[in-house]
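Trainee: Before anything else, here's the structure in question.
The values are calculated or read from the model by the stated rules, or taken from the named source; none is laboratory data. What you are looking at is a predicted structure, and each value in this text was computed from that prediction instead of being measured. Every residue, glycine among them, receives a Cβ derived from its backbone with ideal geometry; neighbour counts consider all protein chains shown.
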Amino acid sequence: MEPLPICDVIFARQNGQCSNEKEKTMKRNFDELIDRRVSECKKYEPSYPKDVIPMWIADTDFAVPEEIAEAIQKRAEHPCFGYPVESFEFERAAARWEKVRFGWEVDPEWVKYSNGVLPFLMYAIRAFAYPGDKVVIQPPVYPPFQAITKNNGCQLLTNPLIQDENGKVLKTYEKAGVYVTGCSMNENQIILDRVEKDGEGNFVPCENDQIVSGVVDVQRSNKIITIPLEEYKNITEIQMKSDLDGKKLKFLTPKEVLYEGSREIQIPQSQIAEESYYVYSPGGEVTIMSAAGEAINLANDIAGTVMGESGAYIWRRGRLNVKNQIMAIEGVPVTEEKNSLAVCLDSLFSYEGIMRNSEYLLAQGKTVQEVLEENLDGMQVLDLSGCSLESVLYYPDREIPVLAILGDGNAVLIIGFNEKNVVLMNPEMGSVYKMGMNEAAQWFEETGCHFLSYVKK
């Protein structure tokens, strides 16, 4: 019988399925004491007393299974150590483990290998956060979690521990080098008395800290909602602040009904609230603005973040990828029936899996933004007027095209970039091509173009 790959051997042993007789009889001695202080072990590198068991790191003191040691020794016998082939043995074994142990169908493509927890945490922080963003950890945790967050330019947030009257943990609190000695309440504010160690190891008082509850005590009341269906007909819904016994309800019918006309208030279009954009600074300050372009410009100046009313990210200051291009968008020329603006809109819709005749929609008198808003379901259309080219590249970096309407009414799509160039789809030229970053920025500024893009709500 061919020997199983090492990942399969471990999997089989853990599930009572062994490939040969040797494996069936092998047992582990978990009572064996192994002195690791002579093996340059990080766990024992500090000089702990012999009666102290260091448990600060996920490093077992049990001997590695013989199958693994034998596999490593066999590989080490070969004098050359080069790059290994990607056999996906590990990924497949991990997927099988999850299926057998937990009933979870895992695609081996989902499994990624890392040389440790910390490298993968670093990858996650760099993938989902930008310098200045805040990352939450739940202390007490593995100490390097703090360092790896700060070393990647992010702010560290910890969860204080606060319990309710039933013992349920609501929040956790921990600050390095600081100890809480007492607390007091002031309405929705918890004031923490704290001390810290001085240079001589003595505890000295330090500035108090506060925890403020964001829970708002909602005062409930009866509410009447009337929905007009047609003239002289309404559906009236009464929402009560507390539960009622339906059997005790009484219905009173008036002897005379006097129609006074509609009492509905018609709000003029100009009074309808506009979309708000929330600009968050690295320090947590919030500025509310009504124009997406202005909000992004402010966030760019203060290294901040823009969020919409739905809570979706509109824009975040941070490093872009070195390069990116939406390869699904190809060059499409203008025709007698379609000008460059209609071609760009149709290409954008097609990229999102939508088939539309934008020339027809524009001919009906609709604005470009109206056409986008009416057809991009689940998307928030953004007017990026006033934004710099550098700022709008945030969207192609996330596989979202930017529509640039030029001063003469023509249009192009910004679909990518690299360190020196911007990638454009220009219907007037019928092609996708690169333009120098500085040249493109000057061109857009001179033509007084209008940028439009979108994000998922």
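Trainee: Which residue, of Gly284, Gly311, Gly318, is in contact with a Phe, Trp or Tyr (Cβ under 7 Å, 6 or more places away or on another chain) and part of a loop (DSSP other than H, G, I, E, B)?
Mentor: Gly318
Trainee: Does the range 324-351 hold any residues that are in a helix (DSSP H, G or I) and surrounded by fewer than 18 Cβ atoms within 10 Å (Cβ to Cβ), and which are they?
Mentor: Looking only at the range 324-351, we keep the residues that are in a helix (DSSP H, G or I), and these are 340-351.
Once the filter is applied, which keeps residues that are in a helix (DSSP H, G or I) and surrounded by fewer than 18 Cβ atoms within 10 Å (Cβ to Cβ), the range 324-351 yields Ser350, Tyr351.
Trainee: Based on what the data block shows, is Tyr351 in contact with a strand residue (DSSP E or B) (Cβ under 6 Å, 6 or more places away or on another chain) and at pLDDT 90 or above?
Mentor: Numbers: in contact with a strand residue (DSSP E or B) (Cβ under 6 Å, 6 or more places away or on another chain): no; at pLDDT 90 or above: yes.
Here the answer is no, as Tyr351 does not meet what is asked.
Trainee: (1) closer than 15 Å to Ser391 by Cα; (2) crowded, with 19+ Cβ neighbours inside 10 Å; (3) free of Cβ contacts under 8 Å to residues at least 60 places away in the same chain: which one isn't true of Tyr280, the others all being true?
Mentor: (1)
Trainee: Quick check on the range 363-378. Is at least one of its residues under 22 Å from Glu399 (Cβ atoms), modelled with pLDDT under 90, outside the structural domain of Glu309 (by TED's automatic domain parsing) and surrounded by fewer than 20 Cβ atoms within 10 Å (Cβ to Cβ)? Quick ask: steps written out before the conclusion?
Mentor: So the first thing to find is which residues in the range 363-378 are under 22 Å from Glu399 (Cβ atoms), and the list is 368-369, 371-373, 375-378.
Now drop any that are not modelled with pLDDT under 90, which leaves 377-378.
If we keep only those that are outside the structural domain of Glu309 (by TED's automatic domain parsing) as well, we get 377-378.
Retained after the next criterion (residues that are surrounded by fewer than 20 Cβ atoms within 10 Å (Cβ to Cβ)): 377-378.
Looking for residues that are under 22 Å from Glu399 (Cβ atoms), modelled with pLDDT under 90, outside the structural domain of Glu309 (by TED's automatic domain parsing) and surrounded by fewer than 20 Cβ atoms within 10 Å (Cβ to Cβ), one finds at least one in the range 363-378, hence yes.
Trainee: Name the pairs: first residue in the range 29-50 and modelled with pLDDT of 80 or more, second residue of a type outside the set (Asp, Glu) and not in a loop (DSSP other than H, G, I, E, B), Cβ to Cβ under 8 Å, at least 6 apart or on different chains?
Mentor: Arg36/Lys43; Arg36/Tyr44
Trainee: Follow-up question, since we're still on this one. Look through Ala291, Ala312, Ala299, Ala295 and report the one residue that is modelled with pLDDT under 85 and of a type in the set (A, V, I, L, M, F, W, C). Working first, answer last.
Mentor: Numbers: Ala291 fails: modelled with pLDDT under 85; Ala299 fails: modelled with pLDDT under 85; Ala295 fails: modelled with pLDDT under 85.
The match here is Ala312.
Trainee: Inside the range 364-457, counting only helices (runs of 4 or more DSSP H) that do not spill past its ends, which hold 3 or more residues that are of a type in the set (A, V, I, L, M) and closer than 28 Å to Met289 by Cβ?
Mentor: Values: elements: 368-375, 389-392, 437-446.
Here the list reads 368-375, 437-446.
Trainee: So which residues in the range 401-423 are within 15 Å of Leu452 (Cβ to Cβ) and surrounded by 15 or more Cβ atoms within 10 Å (Cβ to Cβ)?
Mentor: Pro401, Val402, Leu403, Ala404, Ile405, Leu406, Asn410, Ala411, Val412, Leu413, Ile414, Ile415
Trainee: Still on this model: Just need a number here: residues in the range 283-318 that are hydroxyl-bearing (Ser, Thr, Tyr) and surrounded by 15 or more Cβ atoms within 10 Å (Cβ to Cβ). Walk me through it before giving the result.
Mentor: The initial filter retains those residues of the range 283-318 that are hydroxyl-bearing (Ser, Thr, Tyr), namely 287, 290, 305, 310, 313.
Then keep just the ones that are surrounded by 15 or more Cβ atoms within 10 Å (Cβ to Cβ); that gives 287, 305.
Count: 2.
Trainee: Go through the range 117-143 and report how many residues are without any contact (Cβ under 8 Å) to a residue 24 or more places away in the chain, of a type outside the set (A, V, I, L, M) and within 21 Å of Ala58 (Cα to Cα).
Mentor: The qualifying residues number 3.
Trainee: Still on this structure: So which residues in the range 56-74 are at pLDDT 80 or above and either assigned to a loop (DSSP other than H, G, I, E, B) or touching an Asp or Glu at 6+ places or on another chain (Cβ under 6 Å) (or both), if there are any at all? So that I can check it myself, show each step before the final result.
Mentor: If we filter the range 56-74 for residues that are at pLDDT 80 or above, which is where we start, we get 59-74.
Hits for the range 56-74 are Asp59, Thr60, Asp61, Phe62, Ala63, Val64, Pro65.
Trainee: Of Ser87, Ser114, which residue is part of a loop (DSSP other than H, G, I, E, B), farther than 30 Å from Ile302 by Cβ and touching a residue at least 40 places away in the same chain (Cβ under 8 Å)?
Mentor: On the way: Ser114 fails: touching a residue at least 40 places away in the same chain (Cβ under 8 Å).
That would be Ser87, the only listed residue that is part of a loop (DSSP other than H, G, I, E, B), farther than 30 Å from Ile302 by Cβ and touching a residue at least 40 places away in the same chain (Cβ under 8 Å).
Trainee: If Trp315 meets every condition in (1) free of Cβ contacts under 8 Å to residues at least 60 places away in the same chain; (2) touching a helix residue (DSSP H, G or I) at 6+ places or on another chain (Cβ under 9 Å); (3) not small (Gly, Ala, Ser) apart from one, which number is that one?
Mentor: Going through the list (1) free of Cβ contacts under 8 Å to residues at least 60 places away in the same chain; (2) touching a helix residue (DSSP H, G or I) at 6+ places or on another chain (Cβ under 9 Å); (3) not small (Gly, Ala, Ser), Trp315 breaks only (1).
Trainee: Oh, and also: Residue by residue through the range 60-112, note down the ones that are under 28 Å from Phe30 (Cα atoms), surrounded by 10 or more Cβ atoms within 10 Å (Cβ to Cβ) and of a type in the set (Phe, Trp, Tyr).
Mentor: Result: Phe62, Phe90, Trp97.
Trainee: Moving on to the next point. How many residues does the range 119-151 contain that are over 21 Å from Gly284 (Cα atoms), surrounded by 14 or more Cβ atoms within 10 Å (Cβ to Cβ) and not aliphatic (A, V, I, L, M)?
Mentor: Adding up the residues that qualify gives 4.
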